[in-house]
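To start, the structure under review is shown below, and the notes come after it.
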Amino acid sequence: MGNAFSTLDIREIRIDGDIPKSAYYARLPAVRQIIREQGLALTKPITFFVGENGMGKSTLLEAVAVAAGFNPEGGTKNYRFSTADSHASLHEHVHLVRGIGSHDDGFFLRSESFYNAATYLDSMDSKVLNSYGGRSLHSLSHGESFLALVENRFSPDGLFLLDEPEAAISPMRMLRLMADLHALARRGAQFIISTHSPILITLPDADIIRFSETGLAHVKYEETEHFQLTKKFMENPGRMLRLLLEEG
């Protein structure tokens, strides 16, 4: 992908040290490590956040999105809707080091509020809808609407933050999504993706950052629990199920 680092929109995520101690995110090992090490560098066009539930992947992704100017519930920087003020205040303490390739375009996808973003899109001018494929996203299935978004709205000149995109699509369409992301990244787009998908994280030349009780670590996809557990299960599902059900 050439000298991708020089064209990245976000090159580093920093968090100031005066976050309120009473906030739940102040106790997250990932947040504490970013403060302690004075930043988290992003060096690849595609960065995956992986790890167990509750480790702060989505919390940090949301904070980065809001700090970058996106609507907390998802959409582009021009989306201005709110159905529930539930996002954390971490974004107030996040500082983004921007690269020379900073983009005005982009999209923040939150699987849990994608329905609300699609509803907001329906209220906008028909010319805007045309840039999403010309059809209401509500007229498509969840998976179809997500792929329509990626293939019609995502561009090589954008910053895209995706929270668990695998929730919307089948394994076959996951492969299609991977091809789309790879092609866009090669042409200049930047992606930061929080995911549990053992398939998605195999994308070549991506950076995988594991969130855990000990903090953050850069890992290979083969080293992630997502991949190891899925591989072990698929190699012998009968044995895994017997062990699981006997223990239960």
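The values are calculated or read from the model by the stated rules, or taken from the named source; none is laboratory data. Keep in mind that what you see is a predicted model, and the values were worked out from it rather than measured. Don't worry about glycine lacking a Cβ; one is built from the backbone with ideal geometry, like all the others, and counts go over all protein chains shown. Calculation scope for accessible area: heavy atoms of the full protein, side chains included, ligands and nucleic acids excluded. Shrake-Rupley method; radii C 1.70, N 1.55, O 1.52, S 1.80 Å.
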Q: Inspect region 84-99 for any residue being under 29 Å from ALA30 (Cα atoms), open to solvent by less than 60 Å² (accessible area, probe 1.4 Å) and modelled with pLDDT under 55 and give the result as yes or no.
A: yes
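Right, LYS44: of a type in the set (Lys, Arg) and within 28 Å of TYR221 (Cβ to Cβ) or not?
Working: of a type in the set (Lys, Arg): yes; within 28 Å of TYR221 (Cβ to Cβ): yes.
When the stated conditions are applied, LYS44 passes them.
If I filter region 74-83 down to residues being out of contact with any Leu (no Cβ under 7 Å at 6 or more places or on another chain) and either buried (at least 21 other Cβ atoms within 10 Å of the Cβ) or not charged (D, E, K, R) (or both), which single residue comes out as modelled with the lowest pLDDT? Give the derivation first.
Residues of region 74-83 that are out of contact with any Leu (no Cβ under 7 Å at 6 or more places or on another chain), as a first pass: 75-83.
Now narrow it down to the ones that are either buried (at least 21 other Cβ atoms within 10 Å of the Cβ) or not charged (D, E, K, R) (or both): 75-76, 78-79, 81-83.
Numbers: GLY75: 78, THR76: 77, ASN78: 66, TYR79: 55, PHE81: 46, SER82: 49, THR83: 49.
Per the criteria, the residue is PHE81.
When you check ILE13 against the structure, is it open to solvent by less than 10 Å² (accessible area, probe 1.4 Å), in contact (Cβ under 8 Å) with a residue 60 or more places away in the chain and part of a helix (DSSP H, G or I), yes or no? Give the derivation first.
Working: open to solvent by less than 10 Å² (accessible area, probe 1.4 Å): yes; in contact (Cβ under 8 Å) with a residue 60 or more places away in the chain: yes; part of a helix (DSSP H, G or I): no.
Considered against the rule, which asks whether it is open to solvent by less than 10 Å² (accessible area, probe 1.4 Å), in contact (Cβ under 8 Å) with a residue 60 or more places away in the chain and part of a helix (DSSP H, G or I), ILE13 comes out as no.
Is there a residue in region 165-179 that is under 18 Å from PHE70 (Cβ atoms) and out of contact with any Gly (no Cβ under 7 Å at 6 or more places or on another chain)?
Residues of region 165-179 that are under 18 Å from PHE70 (Cβ atoms), as a first pass: 165.
Narrowing the set further to residues that are out of contact with any Gly (no Cβ under 7 Å at 6 or more places or on another chain) leaves 165.
Yes - at least one qualifying residue is present in region 165-179.
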(Q) So ASN71 passes all but one of these: (1) at pLDDT 90 or above; (2) not in a helix (DSSP H, G or I). Which condition number does it fail? (A) (1)
